[in-house]
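Every number here is computed from the coordinates shown, using simple stated rules; none is lab data. Values in this document were obtained by computation on a predicted structure and should not be read as measured data. When we count neighbours, we look across all protein chains shown, and the Cβ atoms used for this are built from the backbone with ideal geometry, even at glycine.
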Amino acid sequence: MVNFAIVGCGHIAKKHARAIESIKEARLVAVCDTIPENMDVYQQTYDATPYTKTEELLDDPRIDAVSICTPSGLHAKLAMQAAERKKHVIVEKPMALCLKDAEDMIAAAKINQVKLAVVHPNRFRPAISELKRVVEEGWLGKISHINATVRWNRNQAYYDQATWRGTRSLDGGVLMNQAIHNLDLMLWLAGNAVEVFSMCDTRIREIEAEDVAVGVVKFESGALGVIEAATTIYPENYEESISVFGEYGSIKIGGKSATKIEHWSVKNIDEKTISERIEHFPQQKSGHEVIIEDMMKAIKDDRPPVVSGEDGLSALRFVLALYESAAIKQPVNVRNFS
């Protein structure tokens, strides 16, 4: 049995709680939030002990691992505190808002011999998993380019729900908050990024950070990429997609949340075969459930989590390089960016 705690009881914490409940050998034993009423549902539904101070929660000897679900700007401090108390850490994306914080989190986990996992659950959507398999096994041949698109709606009411949303110090904009999942997928599918050029702006929402961004990227393999991300789409989410183009095939996984095969033309692998394979996957688990279950296995087997701190750092470096490029209006070398 692995006992979990959740720090930060907002919207995303509910996904962690449901995932923990769905895993046989996992149990949610404690939660922490500065607003006591935010913890009521966890106390009533899961019999989790409520704490208003993180230090008190981390003193609870029952806790083996902590899910950090607070605003992004608070992730680093809480993760390092948990690691220092010998608690394994699952942290929501982005793992931090600056490279030093992310690097310090990784170092703290290593020094204290605990596991650090970052929540990038889109990797585990069935269609995305099949796309990864096809790319990894070489069915597409040489990749020419890859596109990531996030055309979503986050209206002003969304940002006004909490003062930290859309701020540079605690949240970031569409690249850091929403599209970082898709940037992680680009790196996962195409390999390390070496150079980016981007433009960002705040066009419609009344927030500090960007609500629209576009960019291009070159990967170590020589493949190119295009990024488009916005929270300004009217009146609702329109598209989230990832497209990969190679010498032997073209694939687009799309829909409103990148879950559907919208185009599949691959030499020697027809779309029907892949669709049937996806439909007959033995179990449809949420990405959060996969990550939490994998953390339990990583603890047992003493291995890195499937989405490691280093993976989270790579996605963060990608976002920050895009920000830097937009700020200086020049291409930025990602490998040398610090």
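Quick notes on this structure:
- Treating r as the C-beta distance of Ile299 and Lys272 and R0 as 41 Å, the FRET efficiency rounds to 0.55.
- With the cut-off at under 16 Å, measuring from each backbone N in segment 288-324 to a point 7 Å along the Cα-to-Cβ line of Leu99 picks out 310-324.
- Solution diffusion estimate, µm²/s, Stokes-Einstein, segment 222-338, Kirkwood Rh from C-alpha pairs, 25 °C, viscosity 0.890 mPa s: 136 µm²/s
- Taking amide H as placed 1.01 Å from N in the peptide plane, Val31 has its amide H under 5 Å from the amide H of Ile6, Thr49, Tyr51, each at least 5 places away in sequence or on another chain.
- Cα-based shape type of segment 97-162, given that a ≥ b ≥ c are square roots of the gyration tensor eigenvalues and the cut on a/c is 1.5: oblate
- Relative to the Cα centre, the charge distribution of segment 152-201, modelled as +1 at Lys and Arg Cβ and -1 at Asp and Glu Cβ, gives a dipole magnitude of about 120 debye.
- With semi-axes defined as the square roots of five times the eigenvalues of the C-alpha gyration tensor, the equivalent ellipsoid of segment 189-289 measures 29, 21, 13 Å, largest first.
- Per residue of the chain, the DSSP helices (runs of n ≥ 4 H) give a summed -39500 (n - 2.57) that works out to -10500 deg cm²/dmol at 222 nm.
- Taking amide hydrogens as placed 1.01 Å from N in the peptide plane, the amide H of Ile90 sits under 5 Å from those of Val66, Ser67, Ile68, Ala117, each at least 5 positions away in sequence or on another chain.
- Each of Lys256 and Tyr158 was given a label point 7 Å from its Cα along the Cα-to-Cβ line. The distance between the two points is 1.2 nm.
- P(r) weight above 29 Å for the chain, C-alpha pairs, percent: 40 percent
- Summary: within the chain, the longest segment free of GluC sites (Glu not before Pro) located in DSSP loops with at most 16 other C-beta atoms within 10 Å is 26-136.
- Glu55 versus Glu239: modelled label distance in nm, points set 7 Å from Cα along the beta carbon direction: 5.2 nm
- Available extension along the chain between Lys77 and Glu208 is 44.9 nm, counting 0.36 nm per residue and deducting the alpha carbon span.
- Gaussian network model of the chain, Cα within-10 Å springs - most flexible of Ile242, Ile227, Ile12: Ile12
- DSSP bridge pairs, the chain: antiparallel proportion in percent, nearest 5: 60 percent
- Computing FRET efficiency as 1/(1 + (r/R0)^6) for Glu137 and Lys14, where r is the C-beta to C-beta distance and R0 is 45 Å, gives about 0.80.
- Counting every alpha-carbon pair across segment 39-97, the share separated by more than 16 Å comes to 46%.
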